[in-house]
Amino acid sequence: MSTTVANRRISQTKRILGRNPELAAVITVAAVTALFFILAPGTMSRLGVWGDIFRQTAVIGIVAILVSMLMIAGDFDMTVGANYAFSAMIFVWVINAGFDPILAALAALAFGLMVGLINGVLVTYTGIHSFIITLGGLFALRGSVLLVSGGTYVTLNREPASLAIFNTELGAQFSIAVVWMFVVLALIGYLTHRHPFGNHLYAIGNDRDTARGRGIRVTRTRIIGFMMTAAAASFAGILVAARFGSVQASLGEGMELVAIASAVLGGCALFGGEGSPLAGFLGALTFGVFQVGLTAIGAETAWFRFFVGVILIVAVIINRQIRGFPIQAN
């Protein structure tokens, strides 16, 4: 009798996880948080620490949310880290040239949209997998960043009042970047789940030929997805440049891997068709808790890279197991 009850509970758990793959990410966030509360209870209970966690989450979260959206369509963007750095530099250069930060932000976003357009056109018209195309773009952009900056810092030499829209401190280590992250999450969540564009992304991720046969403009939708993801990376670069007032040539190295790991940890399928923007946020929050938690217990920061690698492998395995549940909802 007890075996039957246990089997029934396992079946119910599978059904819940099959219908809500993001729930596994929520459990992971809770588990990692509980771990650091045990290891550093006096530190993790402070409001300022959670402000720092959300500050750390905000930048990678904005990128991961859009990377998740792009992965729904079955595509990857490996250029986000280099684009993030280049856009941050453009933002600083335009302000230093005497222009308003709003115009500087528009210039950086225009650059990001151009990168996304190039990625999207190359991927859709060559038929080469997006991972390969954007991996080449990653090296080209990163090399460009090093060339134009001379491999050094680019620093703001003035701080106009309107810069506050990107770097205002809200107290307890919370910053306006956290607000921007939730704005992006709400907008992309609506677009993905309440707008035809989102339905098109899921259809393309499941079967591009079938989607095309249903009248969906597959090429255009994928290009728009690349442009939106690139713009998100640019916007994240703007927020970081406004906060620190300087940009290093190596800024954003490895960001693309953390963003993909965040999306997979949150429940996005590697081959498209399933996932949500919430997945990217939950994954990024997990990494944010881990990064700040490591500092709280005095551990080496190298453990963060180790954790990203391990959690990516584990998340892919769990992801595949959850996707294999036969009771998963469409």
Residue in the stretch 187-200 that is touching a residue at least 40 places away in the same chain (Cβ under 8 Å), loosely packed, with under 14 Cβ neighbours inside 10 Å and within 24 Å of the chain's Cα centre (by Cα) present: yes
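For (1) modelled with pLDDT under 95; (2) of a type in the set (V, I, T); (3) not in a helix (DSSP H, G or I), each residue gets a yes or a no:
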residue	(1), (2), (3)
M69	yes, no, no
D77	yes, no, yes
A82	yes, no, no
F99	yes, no, yes
L109	no, no, no
V115	no, yes, no
Where a residue in the stretch 89-104 is closer than 11 Å to I238 by Cβ and its partner, wherever it lies, is of a type in the set (F, W, Y), with Cβ under 7 Å and at least six apart: I90/F111; P101/F166; A104/F91
Selection from the stretch 79-95 of residues that are closer than 12 Å to L141 by Cβ and either among the aromatic types (F, W, Y) or in contact with a Gly (Cβ under 7 Å, 6 or more places away or on another chain) (or both): T79, G81, A82, N83, Y84, A85, F86, S87
Whichever residue in the stretch 201-234 is of a type in the set (G, A, S) and farther than 10 Å from L66 by Cβ and, among such residues, is surrounded by the most Cβ atoms within 10 Å (Cβ to Cβ): S234
Lone unmet requirement of (1) outside any helix (DSSP H, G or I); (2) buried (at least 19 other Cβ atoms within 10 Å of the Cβ); (3) not hydrophobic (A, V, I, L, M, F, W, C) for N119: (1)
Breaking point among (1) aliphatic (A, V, I, L, M); (2) surrounded by fewer than 21 Cβ atoms within 10 Å (Cβ to Cβ); (3) at pLDDT 85 or above, for V240: (2)
Candidates A203, A230, filtered to the one that is touching a residue at least 60 places away in the same chain (Cβ under 8 Å) and not charged (D, E, K, R): A230
Identity of the residue in the stretch 126-162, hydroxyl-bearing (S, T, Y) and in contact (Cβ under 8 Å) with a residue 24 or more places away in the chain, that ends up surrounded by the most Cβ atoms within 10 Å (Cβ to Cβ): T134
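The values are calculated or read from the model by the stated rules, or taken from the named source; none is laboratory data. These figures come from a predicted structure and were not determined experimentally. Because the Cβ atoms are built from the backbone with ideal geometry, glycine has one as well, and the counts that use them run over all protein chains shown.
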